[in-house]
1. Given a Förster radius of 41 Å and the C-beta distance between Glu10 and Asp136 as r, what FRET efficiency does 1/(1 + (r/R0)^6) yield to the nearest 0.05?
2. Return the distance in nm (one decimal) between the two label points of a simple spin-label model at Lys88 and Ser28, each offset 7 Å from Cα along Cα→Cβ.
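Derivation of every value follows stated rules applied to the coordinates shown; laboratory data play no part. These figures come from a predicted structure and were not determined experimentally. Cβ: placed from backbone, ideal geometry, glycine included. Neighbour counts: every protein chain shown.
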Amino acid sequence: MKQQAGFSIEELRSGDRQAFAAMVDEYSPKLYRLALRMLGDPHEAEDVLQESFLKAFNAIEQFEGRSKLSTWLYRITSNEALMRLRKKRPTLVSVDEPIQLDMGDTIARQLEDWCCLPEEEFMTGEAMVQLDKAMDDLSPALKAAFVLRDLQGLSTEEAAEALEISESALKTRLSRARLQLRESLSTYFGDRAREYQHG
């Protein structure tokens, strides 16, 4: 059962260090981006990456292959990052409480219209800085769902599996994260849209 040309699960399970090095080379960039997006600190992201691979190396014999190797590695890395985030923010409300969407309250909050912005406007360095700032206000669990699904591009099934929650719970967290980010970013992108329209 080959994962890539450089290594197989059997080689990893047998403790083949060359195979493990090939796995590290292949998955380091994606896992580092995940840790960096969640923690916002390059040094902490490096620590999480090293700790994650160490745990993967020690636990590879328990990997049964029911999920993809990448999903298993995402799970280990996101768990490491979440532990660090929760130490920083120990008192948080449950992210799985029902979303209150009373008319006249959350849904009816005035949000700016971003429809007029060209797509490249969302990819500028400044826009990404604003997104990172807004993400800092998300709870760890909401941030993990958003990063895995929307920034890392995992499917709903893969992201839910990585976080060890149901797909419906993931969708709930994702909806909450997107709503909160939209509110946080509405002023910034609203101003940019007005500049674009009048410029």
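1. Values: r = 42 Å, r/R0 = 1.03.
Approximately 0.45, to the nearest 0.05.
2. Result for the modelled spin labels: 2.4 nm.
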